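What follows is a set of notes on a single structure, which appears directly below.
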Amino acid sequence: MTGKLPSALLVATLLAALASVPITALAQDRTQRARVRGAEPLVDPSTTYEFLVNKGKLLFEYGQFRESTEAFMAACATDRGQLEAGCWQRLATVAERAALIGVAIDAWGRTAAVDPNLADACDREAKRLIRAFGAVRFSVPEGRRLPSRPLALSHEGLLIDPQIKKHLKKFLELTEIEGISEQEVWLPVGKYAGKDLAFEILPGAVTELALSGAVVPYRPVSFGLAGRPRARAVSGPWELAIAFELSSGNAPGDGIGVAPVGLGGALSIGRRFGPVRVEARLRWGGTATAAVGEDAEGLRQGTATHVLGQADLGVDLNLRPALYLTPHFGLVVGSLGELLLSCLAEQKASSVVYAGECRLGAGALGGQAGVDLWWVPVKTEGRVVFRAGLWGEALGGWVLAEAGDTLGGGLDTSVVRIDSHQFTWIRVGLDVGTSFRF
């Protein structure tokens, strides 16, 4: 095979070789000896000082300074590493290249503490960094989290050291593309200014800076985000949604004359507390009604208009940075409108009793369970989110009229008996709409 392997693949291959061949053999040998002596197997060799130092060196050679710093930090935290001045010295050098100036300053101090003979040199290096750098510590509004919006910042100050200039250029370029992603950042001394942000870095000092909601967008918190790209930004935890509903269902076996398909709409307002959504919905719509008897002459048509309130609780699950699934369940209560129900009615003037259908109002109480799929369509902060849901509900219905109540229509007719005073209403539905975030 010809050509060079990509650096990331080569690093991974070398680390795998470093971790597997000699360590596996060593672990098996030590484990076998431990069993002979009746002792527990020794600690995982991949956490040893030697392995971590070699890993840090290899990562440094391939320019992966952040990862190299993490390896040296782990090495210096071991029992042997805490006493090795060379480990702390390497950590200080690598951390500076990784722009982790605070870690570098601390590592120079630890080097001097372990080996007093290096105290003067370490003090000079630490003071060099303190004169050239300072830190800014960002705080964000409650309910929001970094990264910020992309920010275009400019720097005002005199820089001579090429390495410091490189450090600054990298920070400004990344901030303009990805925003501020860390709570504390060490930067070259000077003034920084942008459209929505301005601060000053003083030598060796930590500047506290509160970022506004205009700079730090709301990002949905959900289960399942670990190891995935960060969520797309939306405007806030509040959500106002309007949707079209298509439902299908009936009250099977109860003799209620209702068509199986209904149309309607829903208006909801909700708020998210972390990944938990609490929502209130107002639903309205109509279902066609017709007489349930076989007598065509007695056919009466109309629409039962329902108005329902719903309290809902759901949990956001992250599928993609822009795609979320929210299983939810809720309590439903309200009016099902005037339904056609089997009944007996008496005309008072003639004392004639009619057997047929009466149009009577009905109430309902029950529960709904379903799932909502919502999509954030843009990469910048989005106020508009599209949402679609599937749901099923079971409602316990009851007739509001009693025997003796007068029916409408001007015929002076009263109810004698209602065959289905209570019933079960079962429906499934689809809702599609738009949510506005704020």
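The values are calculated or read from the model by the stated rules, or taken from the named source; none is laboratory data. What you see is a predicted model; the values in this text were computed from it and never measured. Every residue, glycine as well, gets a Cβ built from its backbone with ideal geometry; the counts of neighbours run over all protein chains shown.
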*Does any residue of region 302-320 turn out to be modelled with pLDDT under 80 and more than 22 Å from Leu240 (Cβ to Cβ)?*
yes
*Every residue from region 70-111 that is closer than 24 Å to Ser181 by Cα and aromatic (Phe, Trp, Tyr)*: Phe72
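Among the residues of region 363-385 satisfying the criterion of being over 20 Å from Phe244 (Cα atoms) and part of a loop (DSSP other than H, G, I, E, B), which is modelled with the lowest pLDDT?
Step one: of region 363-385, the residues over 20 Å from Phe244 (Cα atoms) are 363-366, 378-382.
So of that shortlist, the ones also part of a loop (DSSP other than H, G, I, E, B) come out as 378-381.
Working: Val378: 79, Lys379: 69, Thr380: 66, Glu381: 70.
Taking the candidates together, the pick is Thr380.
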_Within region 253-271, tally of residues that are assigned to a strand (DSSP E or B) and either modelled with pLDDT of 90 or more or acidic (Asp, Glu) (or both)_ = 9
*Does Leu42 fit the bill of being modelled with pLDDT under 95, part of a loop (DSSP other than H, G, I, E, B) and aliphatic (A, V, I, L, M)?*
yes
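When you scan region 91-109, do you find a residue that is more than 25 Å from Ile130 (Cα to Cα) and surrounded by fewer than 18 Cβ atoms within 10 Å (Cβ to Cβ), even just one?
Step one: filter region 91-109 for residues more than 25 Å from Ile130 (Cα to Cα), giving none.
There is no residue in region 91-109 that is more than 25 Å from Ile130 (Cα to Cα) and surrounded by fewer than 18 Cβ atoms within 10 Å (Cβ to Cβ).
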*In region 147-177, the residues that are buried (at least 16 other Cβ atoms within 10 Å of the Cβ) and either farther than 18 Å from Val189 by Cα or touching a residue at least 60 places away in the same chain (Cβ under 8 Å) (or both)*: Pro147, Ser148, Arg149, Leu151, His167, Phe171
_Here is a check on your reading of the model: is Ala290 among the small types (Gly, Ala, Ser), within 20 Å of the chain's Cα centre (by Cα) and either modelled with pLDDT under 90 or not assigned by TED's automatic domain parsing to the domain that holds Gly389 (or both)?_
no
*Where residues in region 343-362 are assigned to a strand (DSSP E or B) and out of contact with any strand residue (DSSP E or B) (no Cβ under 6 Å at 6 or more places or on another chain), which of them is farthest from Arg427 (Cα to Cα)?*
Val352
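If the requirement is being surrounded by 14 or more Cβ atoms within 10 Å (Cβ to Cβ) and more than 37 Å from the chain's Cα centre (by Cα), which of these qualifies: Ser414, Ser350, Ser335, Ser435?
Values: Ser350 fails: surrounded by 14 or more Cβ atoms within 10 Å (Cβ to Cβ); Ser335 fails: more than 37 Å from the chain's Cα centre (by Cα); Ser435 fails: more than 37 Å from the chain's Cα centre (by Cα).
Within the list Ser414, Ser350, Ser335, Ser435, the selection yields Ser414.
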*asked:* Show me the strands (runs of 3 or more DSSP E) found entirely inside region 91-206 where at least 1 residues are among the hydrophobic types (A, V, I, L, M, F, W, C).
replied: 133-139, 184-188, 190-193, 198-201
_Members of region 225-252 that are at pLDDT 85 or above and in a loop (DSSP other than H, G, I, E, B)_ = Pro237
*asked:* Conditions first: (1) surrounded by 14 or more Cβ atoms within 10 Å (Cβ to Cβ); (2) more than 30 Å from Gln82 (Cβ to Cβ); (3) at pLDDT below 95. Tyr192 passes all but one, so which condition is the exception?
replied: (3)
